[in-house]
Every structure is written in C-alpha cells, then in structure tokens.
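Some notes on the structure that comes next.
The values are calculated or read from the model by the stated rules, or taken from the named source; none is laboratory data. This is a predicted model, so every value here is computed, not measured. FYI the Cβ positions are ideal-geometry reconstructions off the backbone, even for glycines, and counts take in every protein chain you see. For the accessible areas, the whole protein counts, side chains as well, though only heavy atoms, and no ligand, DNA or RNA atoms are used. Shrake-Rupley method; radii C 1.70, N 1.55, O 1.52, S 1.80 Å.
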Amino acid sequence: MSDPSSSPSSASASPTDAASSQTSSTEVPSADSIAKTQAAIHSLNPILTSIPRYLSSSPDPFALLHDPDISSQISDLLRHPDSGTVDNNVCRWLYDTFQTSDPALQLVVLRFLPIIAGVYLSRVPLRKTLSGFEAVLLAIYSHETTSRNGQSITVNIPDLSHPSIYHEAKPTAKNNATEFNVAIISPTLDPHRTVRSTQRAKIVGVALELYYSKISQMPVRSKIDFCEHCEIWAGQDGSMYRDDEVKQGDEDGEKETKAGFKEGRIPLPWELLQPVLRILGHCLLGPHRDMALFDASHAAIRSLYARSIHDIDPRAILTTGSLLRLGKIALDPKFNIDHTEVKMTNVISL
Amino acid sequence: MVEGRSEEPSVDADETGVRELYANGICMKTSEVEAKLDEGNIQEAESSLREGLSLNYEEARALLGRLEYQRGNLEGALHVFDGIDLQAAIQRLQPSLSEKPFAKKSRTRDDSQHSVSQHATNLVLEAIYLKAKSLQKLGRLNEAANECKSVLDAVENIFQQGIPEVQVDGRLQETVSQVVELLPELWKQAENYQEAVSAYRRALLNQWSLDNDCCARIQKAFAVLLLHSGVEAGPPSLGSQIEGSFVPKNNLEEAILLLMILVRKSDLGKIKWDPSVMEHLTFALSLSSQTSVLAKQFEEILPGVFHHVDRWNNLALCYSGAGQNRTALNLLQKSLHKHERPDDLMALLLAAKICSEDSHLAAEGVGYAHRAINNAKGIDGHLKGVGLRVLGLCLGKQAKVSSSDFERSHLQSEALKSLDGSISFEQCNPELIFELGVQYAEQRNLNAALRYAKKYIDATGGSILKGWRLLALVLSAQQRFSEAEVVTDAALDETAKWEQGPLLRLKAKLKISQSEPTDAIETYRYLLALVQAQRKSFGPVQSASEVEDDKVNEFEVWYGLANLYSSLSHWKDVEICLGKARALKQYSPELMHIEGAMCQERGQTREALSSYINAVLLEPSYVPCKVLIGALLSKIGVSALPVARTFLSDALRIEPTNRKAWYYLGIVHRNDGRIADATDCFQAASMLGESDPIESFSSII
C-alpha cells in the first residue's frame, strides 16, 4: 500500500459521512479514474430514481463510495425480493463497475458486498436463480484468485524459543531443527466460471477476504450492513449473552427456547466463518470507534456465539467467545484507563 | 476530577480542592494567578510566579502551562507554551547532555551538573508533552503527533546509544516514556495507521528504557492495532532485523508474537495479568486454526490466574478444535466431576458430542446429554434442543454396540425420539435433518431417510457434499441405481475437482451394481488421473492427518479396482492393483479379503481361509471376512458348523443388517437341522436383501 498523505482531511467533494470513515489513504483520483467514474455514474442513471447533481457534474469515485443517497438506493434495490436475477440491472452495473479494474471504483462495488453476500446466501434455499449476485461474487473471487496467483495465504506461528525482533531467547541446540507451525489462513484458489453449490461458501469467503483487506476504506454503513447480515446468517438469538441491564430475564428465556430461531440461517463452514469473524473483529475492536458499529458487531457476535454453541464447534466457540469477552472489556471503564493522561494533582510542582 | 491525594505541602489544599503551586520550597495558592490568566494576562501571571516562587522564565511558563492544562483551559495552555521556544530549547540542550556519553568514571563529579541540565531538559520535554496532549484534546492530532515526534527525534539524537539508566533521573525518563506511548496513539486517532505502525515499532525496537508496564501497554496496543485495523502493516524495515531472529512478515504473525511475549512476561511476573491479552491471543490463534498452540499457551499460564475448571474447559475446547478429542474428553471428565462444575452446559454438550463419535463412549455420552438437557433452563433454555440432539446421536451410536436385538431396537427408537424432539427446538438446523436421515437409513427406514436427505439438500442449497452422498446411498439401498447415478452426476457438477474423489468412487460402484464394468473401470481410471494431478499440485501427502476426507484417497482407488477385477475374475489385473495398494498400505484387511477371494476362486480353500483369518486378526471388527469364514466353514462339514455359527453371529452383532451373514447363518442352521431358525434367517436375509447401500451409511459421517 502506498504511503498515505498525512493531512487529516484531504479535500473531498463529498458532503456526506466521509469524515466519519475517512482514511488516510485517499488519493486524488487520476483522470482515467474520473472518466471511468463518469461512465459508471452515467450508466447508473437509468437504474436509480435520482442521482445527486454534484456527482454528475464532478464525478469522483470517493464521493460515489460515500454518498448516502446513492448507497441507500442501491441497497434497497439489492434487497428487493426479485433482485439478483440474471438480468438484474443493479447486479449488471456492479459487475461492470468491478470489471473496470479501477481500484477506487472496485471499492464502490465492495461497499455493497455485505448486502450481496447476505441476501444471496440467505436466499439460496429458496431455489431462485441468483446468477446476478453470482456474477458479481465470481468477478470479485477471480480478481482475488488472479492477484494471489491462486496461492494460499499462510502464517508462521511464532515460537518463543526462537529469538525475535521483539524478544531474546537463549539459542538452544534444537532451535534450528524446529520448524515453525504454518497456519493456512486462506486456501489455494482454483478459477471458477460458475458457482458450484459446494464452492459457494468458499467463493463468498474469499470475496469477504478482499472486503476485509479494504475495510479501513469502507463507509461505516457498509460495515453495519455486514453485521446485520451476520446476525441473520447465525439464525440464532444471542440476547441472552448481553451484559447490560436489558438482559433477558427468565420469563423471556422460556420464550426464547421456541422463538430463538430466525429466518435466513445458513450453513457456516469455517471457510466462510473465518473471514466473517475477522471482519467482525475489526468492527468491534478496530481503531476507528463508532458506537453504532460497535453495537451492531457486538449483536452479531452474540448471535454467532450462540450459534457456535448450538453447533458445538470448539474453534468457533473459542473465537466468538473471545470477541464477546473483548467487547465486554471494551465497555468496562476499569480496563480503559488512559495512561497517557497526566496525573492531576492540586499541588502543581516543578 | 479531583484525585491523586499527594503527600505534598499543605494537607488542606487537596481536601478543599484548592490548587497550589510549589517550587523551590515555596508554596503559593493559584487563585491570584488564575485570575490573571482568566483576564488573558499571561505575562503578569508569569511574572508573579517568577517573583513568588523565584523561578526563571521557562520554569514559570512550564508551571503556568500545566496549570492551564489541569484547568481544562487547553487553548490557554497552548498560548503559554507558545511563549517558550521549545525547538530552540531542545537545540540548546543537546550538547549539554551528549558531552559525556561514557562518563562512568567521572560520574560523581558531574552529577550535580547533570541533574541541573536534566532538570531543564525535563522541563522542556514535559512542556512539549503537555502541548501535545492539549493539541490532542483539541482534535489537532497531526500537530500533536509532530510535537511528539520532534521530542523523540531530539532524545534519540542526544542519547544515540539508548538512554543510559545511570545518567537519567526518573522524571525525565517518565516524560520520555509518556511521549513514546502517546505518539502512536495520536497517529491512530488521526487514522494514519501506517505512521502509527512505525511509531509503535520505533517505540518497541529502539532503546527507550521503558518500564515493564509501559512497554507491555504499547505491545498490547500495537497487537490490537495489527489484529483489527484491517490495514496490512508490512514487515518491519531491514534495519531492525537481527541476524537469526524471527521477523514477522504480516500483521497476524506480528500480533501473535507480541501477545505471546506478553503472556510470557506475566508468567514471569514482570507485568500484571491482563485478561484481555489472553482473549486477543485466543482470537488470533483460533482464527488461524492453531488451537493446539493455544492449548500450550493455556498450559503455561501460572496456576491461580484462571479457575482450574475454566482452564480445563478452555483446554478441552482447544484440543477438540485441534482434533484431539480424547485429550479433550479427559479434561472434561475432570471438570464435570461432581466436586468441580458438574452442571456446566458447554462442557456437557462438548463431552456428549465427543462421545457420540465413538460407539464405545456413547453410553457415557448419553449421561452427559441427559445432564445437559436437565440444566438447559432459564436463559440457557435455548440449548435444550442441542442436548436432545446429542442425546439422539449418542443413543444411535450406542445401539451399534448393543449386545441384544432387544436393546438395540430400544436404543434406536429412543435415538429417533430424541432427534425428533430436538427438531421442535432446532427447526432451522439442517444438520439435525441430516442426522435424522442417517439414523433412518441405518435402521433401513429408507423412505423416511430419502425424505430427510432431500430436505437436507434443499435446506443447504446442495452446498454440503455429504448431503449428496446420503441421497445417492439411500437410493442405492433402494436399488434405484440409475437414479443414484443421476444424483451422483449432479453432485459432481456442483463439486470442484479435488473434492470429487468420494463421488467418483460412488459412481464406479454404482456402475458395477448396474453391471457396467467397463464404465466402472473408466471411472476408476479418471480417479487415478485425479490422484496424479493432486499429487502434482499439492505435493506428496506427508502424514495421515493431512489426508482430508474430501481428497482422493489413492489406496481406496486401487482397492476398488482390485475388487472390480476380482468380480470379473481378471486375476492378473487384480494382482497388479493389489501390488499398488499394498505399496500404500502394507497390512490391510481389505486387501487380505481380496487375496482370500482370489484363492477361493482358484480352489485354494486353505489359503483363502488363512487370508480371511489374517484379516480378522488384523481388524477384529472386519465383518466381510467373518462372513466369508463362516460361509467357508459351513461348507466344510458338520463338525465345523458350530465355529461357522460363532463367526456369523459375531458378524451380525457388529453389523445386524448384513444380508450375507443372515443368509449363511440360515445355511448353517439348515445344515444343522434347525429348520425353523434357518427359515427366520433366510427371511431376514431376503428382507434386507433389497436394502443394502453400496457403501455403508456410516461412511458419510
């Protein structure tokens, strides 16, 4: 990633919530990018009811990404019961826009990935054709396949018996012999032309990995959309794991046993759940604090925690459980002392 | 915000909340100065301080700035600090401190001089720190960060070799540490994560002589940023790398390293235990599927940090997550002991689930499941369905090792009852639908099994391979081979090539069942090509644990082919296939089975029998050879009939739905003159005859 400019608010035409999700890596779009954006906005014209005038007059991919009006119109269209078909024009637009290969415009498409993936996976059992959604997902998947050259992503799990840049260790005889544990974070990728049903979770999971890698540039609303869909995917009420005062009492508990399930529950194999949890970790504990996002992600994590216990899935219980407790710690003033603050005393001395 | 009751001069100052200024042994109330400051008269305030406390200009300004900061008057503080030329002061300080970097010998002589200059240095640095804090609170984060950065640059210039402890007084050290800690926080708040990363690394990799707590806070904050910022930090610069030491190459590696170091430090008692560190590490390691590494971390934590039951339960989750279910169960048995925490729902459910996977543990699992159901009350009421589900699974598994028909059918119907009961709680859980399908299939209620298999595919959108396999197997058990083949083909269309192995194997067997051996051979040939390709792209399989269920298993291909050729009496080909298979797995009951069949076909009864017996010795529960031994013995003569009967009964104990075993048992009874028993057996065989799947149902789970 290129070195970002350090100015806190680089000039942006956007009058929107840009400031709230401003990242330091915004750059002035190139002429080519502007032209592509202009084309994209132009082809968006017949799809949406209205497009803010400032966008047509000065097309800027960053503004397009952050415009709340455009976003909510596209989101509504994506959530429409008949969306996602092969001739669906929003999906077509998203597909074409992603295929421009302009990174800034691709961000605009990724911004809607939470809704696309969310609606798509929850609708699979309805046996409708969803090839519009699938086209967008495949485009994102194959972008990632190409840029990774199909390779898996691995992590060397550190071992403290080896010295590292952050600590010293006595070199022992077996140091050189012991290999690091290698963890595969994301599998090798084969190209896919269609979404085969057994590959669906993997394709969506890989698309979510790309979303995660750009998440610091995503508008908060997009992340909240994601959290809301996770709650639906979990299909499990998680309110019994709330820590605040509105905790479900016993009388409600009885009701929950019957009504604890919600529509839209999907299978959550690890290849999908893992990127989901990475994104939720960011939403809950990322450096950019936003209360609405925190609450939305906390709710999603509660539901997924409940789900992982229902599935008796140890790895998922550990991961969601740790996030759940970290969310609690984040709200506890005892753990949030600002150590950089000066000690306030009534006697001020030199 | 009145806190920090200091032991300084006047006691009532703190109690009354009146601020006082204290310097050079003189104490003075701030009210007068504050009034002047409120009028915007900084200079007058300053001069009254200089007179009242006999201070120089910079000292007075520093005190005033601090006063303004504490009063929350941040703009005012900035005004005051603007009056000191901090940069010039820094410049001025540099030579005075760097003169004698190696002044150990003459230290005593220089001490007084040092303390004077350090006092002045600290005054300036503290002023800059407060200025940065004021800017931070005013939201001018970049300016604040630049102030801190200039301090660190200056300090680094002064102490090129790192801060020598002997020469630095505590106060100066404290200020430097504060600046080091503040800088990355500022960049983070400014959402400039790349700068934040460099600031963290600068803080941790350079020698600032930070105390343990401060260093730990920075390490933790950095780890959290790495884990959750979503911005890839990139590896540390080459300059910071030391020969032979581990250099993390991405965020996850660096975060895990830092968190492990933090856990180690608190194990060594260097820092206080911080529960969030272990939670972050749990997140990072389980996200990377490294729960066995996580288990090691839990094991290393000193006793007393966690309640021992919590530790056992966490360890059980870790081990079970790493596939070491036996170890996990051992731990759960301890934590669920009546003197520990026998009602812990999560532990009960996990224990029951582990037991449900092993028929010899199933009975124990039934107990855990019952306890789980009894404890699923109140806010845990939602887990009742889960308890019923694992109860059903355990009962179904227990039925497999039951010693009597009566017990078996009782357990089987109880299993179905539990799973059915669970459905009302877990309506939307497709796994339960699948489990019901398998349960019905194993009890040969094939219509019900078919219904559930279809329902499962619908509910999961066909996304899970085992659903397709169940459907195909149920159809094959109904002898609807061509339909089973259609399902298998559909499943193949929905599968990527590396996961096609089990389906192709199924398809080959279906071809055999439909008497299309040439097609079957063709399918096996394709499977072999897949094996080759797989080996090329993934490399040779190194250990048994690497063989995933979904991948093509080469041994099984050769074994299947051998079986096929043996049914065609192509003995030469059989021998070739057996040779290939033996190279992969030297001792296998399956291969001995085929060898025996080959001998039997050639009329070498004695050799055949010894092959079958060897197979059973190798794998005492290998049913096909028990049946064949029984069959062979039943033909030898009346004297062998009791032995034949034993073998066949034993086979039926393990696999009550084995049609051939019933058939030969019927023969044995007939030859022994027990016609009524023989009739029963033949009847059982004929009823079962039409309900055998081409692979056992339990092979899917």
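List the residues of segment A:311-340 whose accessible area drops by at least 50 Å² when all protein chains are present, compared with their chain alone, using a 1.4 Å probe and counting only protein heavy atoms.
Listed in order, they are A:I312, A:P314, A:R315, A:L318, A:L326, A:H339, A:T340.
Cross-link partners among lysines for B:K626, C-alpha distance below 18 Å, same-chain residues fewer than 8 apart left out?
B:K400, B:K635, B:K660
Students often forget the sequence filter, so: which lysines lie under 18 Å Cα-Cα from B:K133 once same-chain residues fewer than 8 apart are removed?
Within the straight-line cut-off, B:K133 pairs with A:K343, B:K149, B:K188.
Which pairs, out of A:K214/B:K272; B:K265/B:K296; B:K509/B:K580, put more than 25 Å between their alpha-carbon atoms?
Where the Cα-Cα span goes over 25 Å, the pairs concerned are A:K214/B:K272.
Compute the angle between helix B:517-538 and the longest alpha-carbon principal axis of chain B, please, reported from 0 to 90 degrees and rounded to the nearest 10.
The angle comes out near 20 degrees.
At 37 °C and 0.692 mPa s, what whole-number value in µm²/s does Stokes-Einstein give for the translational diffusion of segment B:362-452, with Rh from the Kirkwood sum over Cα pairs?
250
If I stretch the segment between A:A31 and A:R79 completely, what's the gain in nm (0.36 nm per residue apart, minus their alpha carbon distance), one decimal?
Values: separation 48, 0.36 × 48 = 17.28 nm, distance 3.33 nm.
Using 0.36 nm per residue and subtracting the Cα-Cα distance, I get 13.9 nm.
Compute the separation of the alpha-carbon centres of segment B:390-405 and segment B:134-150 and state it in Å as a whole number.
69
Counting only residues 5 or more places away or on other chains, whose amide H sits under 5 Å from the amide H of A:T154 once H atoms are built in the peptide plane?
A:I185
Nearest 10 degrees, 0 to 90: what angle lies between the long axis of helix B:251-267 and the longest principal axis of chain B (Cα atoms)?
The angle comes out near 80 degrees.
Can you give me the C-alpha center-to-center distance between segment B:472-540 and segment B:415-445, rounded to a whole angstrom?
27
Divide, for segment B:306-354, the radius of gyration over alpha carbons by 2.2 N^0.38 Å, where N is the residue count. Show your work: numbers first, answer last.
Values: Rg = 9.4 Å, N = 49, 2.2 N^0.38 = 9.7 Å.
Normalised Rg, Cα atoms only: 0.98.
Could you tell me what percent of the DSSP beta bridges with both partners in the protein assembly as shown are antiparallel, to the nearest 5? Provide the component values of the computation, followed by the final result.
Values: 11 of 15 bridges.
Restricted to the protein assembly as shown, the bridges split so that about 75 percent are antiparallel.
Quick check on segment B:412-494: what does the Kirkwood estimate of hydrodynamic radius come out to from the alpha carbon pairs, in Å?
12.7
Along the charge dipole of the protein assembly as shown, Cβ charges K/R +1 and D/E -1, which of A:A63, B:I694, B:A640 sits furthest on the positive end?
Projecting each Cα onto the dipole axis, the largest value belongs to B:A640.
Label 7 Å along Cα→Cβ of B:N374; segment B:327-346 residues with amide nitrogen under 15 Å?
B:336-345
Give me D for chain B in µm² s⁻¹, whole number, from Stokes-Einstein with Rh from the Kirkwood sum over alpha-carbon pairs, 4 °C and 1.567 mPa s.
40
222 nm [θ] for chain B, helices only, -39500 (n - 2.57) per DSSP H run of 4+, per residue, to 500?
Using -39500 (n - 2.57) per qualifying helix, the result is -22500 deg cm²/dmol.
Restricting to Cα atoms and excluding each atom paired with itself, what does the Kirkwood estimate give for segment B:448-515 in Å?
Taking the inverse mean of 1/r over all distinct Cα pairs, segment B:448-515 comes out at 11.8 Å.
Compute the acute angle (0 to 90°) between the alpha-carbon long axis of helix B:57-70 and the principal axis of greatest extent of the alpha-carbon atoms of chain B; round to the nearest 10°.
Helix B:57-70 and the main axis of chain B meet at about 50 degrees.
Can you list the HN-Hα couplings for segment B:405-420, worked out from phi with the Karplus curve (6.51, -1.76, 1.60; θ = phi - 60°), rounded to whole Hz and with x for Gly and Pro?
4, 4, 5, 4, 5, 4, 4, 5, 6, 5, 4, 5, 4, 5, 5, 4
Which value, in Å³ per residue, describes the convex hull spanned by the Cα atoms of segment B:306-407? Spell out each step's value before the answer.
Details: hull volume 10.2 nm³, N = 102.
Convex hull of Cα atoms, per residue: 100 Å³.
Tally up the carbon and sulfur contribution to the accessible surface of chain B as a whole percent, 1.4 Å probe, everything protein left in place.
Values: 15540 of 31010 Å².
Result for chain B: 50 percent of the exposed heavy-atom area is carbon or sulfur.
Averaged over all directions, how much area does the convex hull of the C-alpha atoms of the protein assembly as shown cover when projected, in nm²?
51.6
Leaving out ligands, DNA and RNA, calculate the buried accessible area for the pair A and B with a 1.4 Å probe, summed over both sides, in Å² to the nearest 100.
9300
Report Rg(Cα)/(2.2 N^0.38 Å) for segment B:27-66, keeping two decimals.
On the way: Rg = 8.9 Å, N = 40, 2.2 N^0.38 = 8.9 Å.
For segment B:27-66, the normalised Cα radius of gyration is 0.99.
Once amide H atoms are placed 1.01 Å from N in the peptide plane, what residues at a sequence separation of 5 or more from B:T495, or on another chain, have their amide H within under 5 Å of its amide H?
So B:T495 has HN proximity to no qualifying residue.
Using a 1.4 angstrom probe on protein heavy atoms only, which residues from segment B:326-365 are buried by at least 30 Å² of accessible area when all chains are present rather than their own chain alone?
B:M346, B:K353
Report the gain in length on full extension from B:Q427 to B:D343: 0.36 nm times residue separation, minus Cα-Cα distance, nm rounded to one decimal.
Working: separation 84, 0.36 × 84 = 30.24 nm, distance 2.58 nm.
Full extension from B:Q427 to B:D343 adds 27.7 nm.
Give the peptides A:263-276, A:294-307 in descending order of average Cβ contacts within 10 Å, highest first. Write out the running numbers ahead of the final one.
Values: A:263-276: 20.8, A:294-307: 24.3.
Highest mean packing first, the order is A:294-307, A:263-276.
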